[in-house]
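Here's the structure we're looking at; comments come further down.
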Amino acid sequence: LIAASVDLLGFTAGAINETILRCDLGGILRVEDDLQIGTGALMDLQGAIGSSGTLYLGGDWTNLESELNFQDQNSTVILNGNLDQALSTTVGPEVFGTLRIWKSGGDVILAVPLEIRTELDLSTGRIMNSATELLSLRAGSVASNASDLSFVHGPVQKIGNSDFTFP
């Protein structure tokens with residue numbers, strides 16, 4: 001599916017089944033501009049074991065519900081815009097399976113805490129955050145491809161007991 005923008009809107013706050021967008025089993029969703037998970041909506045990129053849905057997002061990410069309204073296990077979100085992109089949610093933190101920063105311009109601006117389950121891939125672009133919008137890598141997750149041009153400009157927290165060197 002290719003769309004200019006996507007607004008998933010339901011009716012009841014806290015509901016997760018009034019409007020559902022599902023993209024799994026290797027499916028691809030390309031959103032050129034903004035994506036919003038609204039009241040009563042569910043965005044499902046989650047699949048069973050292995051690769052699931054992939055979202056290419058060129059604009060801002062807004063979740064007006066909790067992270068439960070974005071099913072992310074085994075999924076990949078690729079931020080590929082050419083301007084600044086904001087990530088926000090009403091009830092933080094937001095959680096992504098794999099997050100790939102693959103931008104041709106601008107930065108990723110965190111407006112909420114962000115947690116990564118599997119991989120943070122800093123291919124091209126920067127993430128701007130502060131202690132209030134803490135970026136956390138959960139136990140077992142990895143960070144890859146950081147460079148002088150692609151990095152996190154702010155604090156990063158790694159959860160778990162294994163040795164970890166942030167690239």
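The table for this structure:
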item: Selection status of Ser52, touching a Cys at 6+ places or on another chain (Cβ under 9 Å) and buried (at least 19 other Cβ atoms within 10 Å of the Cβ); result: yes
item: Some residue of segment 28-35 being under 15 Å from Thr90 (Cα atoms) and either out of contact with any helix residue (DSSP H, G or I) (no Cβ under 6 Å at 6 or more places or on another chain) or surrounded by 16 or more Cβ atoms within 10 Å (Cβ to Cβ) (or both); result: yes
item: Hits in segment 78-104 (condition: open to solvent by 20 Å² or more (accessible area, probe 1.4 Å) and part of a loop (DSSP other than H, G, I, E, B)); result: Asn80, Asn82, Leu83, Asp84, Thr90, Val91, Gly92, Pro93, Ser104
item: Among (1) over 16 Å from the mean Cα position of the chain (by Cα); (2) within 30 Å of Ala131 (Cβ to Cβ); (3) among the small types (Gly, Ala, Ser) - the single one Gly59 does not satisfy; result: (1)
item: Single unsatisfied condition, Leu122 versus (1) over 24 Å from Phe164 (Cα atoms); (2) open to solvent by less than 10 Å² (accessible area, probe 1.4 Å); result: (1)
item: Single residue of Ser162, Ser136, Ser130, Ser75 found to be of a type outside the set (Val, Ile, Thr), modelled with pLDDT under 95 and over 12 Å from the mean Cα position of the chain (by Cα); result: Ser162
item: In segment 130-158, residue farthest from Asp60 (Cα to Cα) [restricted to those that are assigned to a loop (DSSP other than H, G, I, E, B) and open to solvent by less than 20 Å² (accessible area, probe 1.4 Å)]; result: Ser141
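The values are calculated or read from the model by the stated rules, or taken from the named source; none is laboratory data. For clarity, every value in this text was computed on a predicted model and none was experimentally measured. Using ideal geometry, Cβ is built from the backbone for each residue, glycine included, and neighbour counts are taken over all protein chains shown. Side chains included, ligands, DNA and RNA excluded: accessible areas come from the protein's heavy atoms. Shrake-Rupley method; radii C 1.70, N 1.55, O 1.52, S 1.80 Å.
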